[in-house]
1. Return the total of residues in region 65-107 being out of contact with any strand residue (DSSP E or B) (no Cβ under 7 Å at 6 or more places or on another chain), basic (Lys, Arg) and either within 16 Å of TYR119 (Cβ to Cβ) or assigned to a strand (DSSP E or B) (or both).
2. Restricting to region 134-172, name every residue that is over 26 Å from PHE14 (Cα atoms) and touching an Asp or Glu at 6+ places or on another chain (Cβ under 8 Å).
3. Among the residues of region 46-63, is there at least one that is in a strand (DSSP E or B), at pLDDT 90 or above, more than 22 Å from VAL171 (Cα to Cα) and in contact with a strand residue (DSSP E or B) (Cβ under 7 Å, 6 or more places away or on another chain)?
4. Being touching a Gly at 6+ places or on another chain (Cβ under 8 Å), more than 19 Å from ALA166 (Cα to Cα) and among the small types (Gly, Ala, Ser) is the filter; apply it to region 61-105 and report the residue that is surrounded by the most Cβ atoms within 10 Å (Cβ to Cβ).
5. Looking at GLY135, GLY120, GLY72, GLY113, can you tell me which residue is free of Cβ contacts under 8 Å to residues at least 12 places away in the same chain and closer than 25 Å to LEU21 by Cβ?
6. Just to be sure, is ALA173 of a type in the set (A, V, I, L, M, F, W, C), out of contact with any Leu (no Cβ under 7 Å at 6 or more places or on another chain) and without any contact (Cβ under 8 Å) to a residue 40 or more places away in the chain?
7. Does region 130-175 hold any residues that are modelled with pLDDT under 95 and either of a type in the set (Val, Ile, Thr) or touching a Cys at 6+ places or on another chain (Cβ under 6 Å) (or both), and which are they?
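The values are calculated or read from the model by the stated rules, or taken from the named source; none is laboratory data. Predicted, not measured: the structure shown is a model, and the values here were computed from it. Counting neighbours? That spans all protein chains shown, and the Cβs are built from the backbone with ideal geometry, glycine included.
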Amino acid sequence: MRPFPMSMSRAVQFISLLSTLLVLAVPLLVWSAIPGLRLTPSAEVARWSVLLVPLIPLASWALAPRSLELEGGELRILRRAWRAASYPLARIDEVALLPRGWMLGAWKTFGNGGLFGYYGWFYRKGSVRLFCTRGDRLVEVMMDGRRIVVSPDEPGRFMEELRAVAPRARVRAGP
């Protein structure tokens, strides 16, 4: 089956570019601000630990979702450089198209809110797992009482094909 791409919105692209540039600038600023200064051992450790800061955008990029697949009896969320998250299609109960702006009321509990996407665990009238690259075109998938929200480029086609392969899935109107 054909994958369902998930492209980043302009806002996510801008946040990602700006954040990455700022994070990459931190080690340069720290190292250039104190080039020949003699430091205490603890300050020297802090100076060297600044080199780990660029790992933040790298990890965020690796975990970011890039596409969806409906294959082998599973809904798979493919990531850029990390293993896919998989959910059995037989357990999907409902699917719904969410309105634009739905994410505005979501609180991050353990996730990423803009650096290469919105993904992780969020709270919005209950716990929800997000795998999104934009704030619009959101599709909610209900499975065994768990909520998963994805952002395929073509939500209508995704919902149609999901219903065709998920035996129990029904479309819920509205959020």
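1. Looking only at region 65-107, we keep the residues that are out of contact with any strand residue (DSSP E or B) (no Cβ under 7 Å at 6 or more places or on another chain), and these are 70-72, 81-83, 90, 99-102, 104-105.
Checking the rest, the ones that are also basic (Lys, Arg) come to 83, 100.
Imposing the further condition that a residue be either within 16 Å of TYR119 (Cβ to Cβ) or assigned to a strand (DSSP E or B) (or both) reduces the set to 83.
Here the count works out to 1.
2. Going through region 134-172, the residues over 26 Å from PHE14 (Cα atoms) turn out to be 141-147, 156-172.
Residues satisfying the conditions are VAL141, MET142, MET143, ASP144, ARG147, ARG168, ALA169, ARG170, VAL171, ARG172.
3. no
4. Selected residue: ALA64.
5. Working: GLY135 fails: free of Cβ contacts under 8 Å to residues at least 12 places away in the same chain; GLY120 fails: free of Cβ contacts under 8 Å to residues at least 12 places away in the same chain; GLY72 fails: closer than 25 Å to LEU21 by Cβ.
The conditions single out GLY113.
6. The answer is no for ALA173.
7. VAL165, VAL171 - these are the residues of region 130-175 that are modelled with pLDDT under 95 and either of a type in the set (Val, Ile, Thr) or touching a Cys at 6+ places or on another chain (Cβ under 6 Å) (or both).
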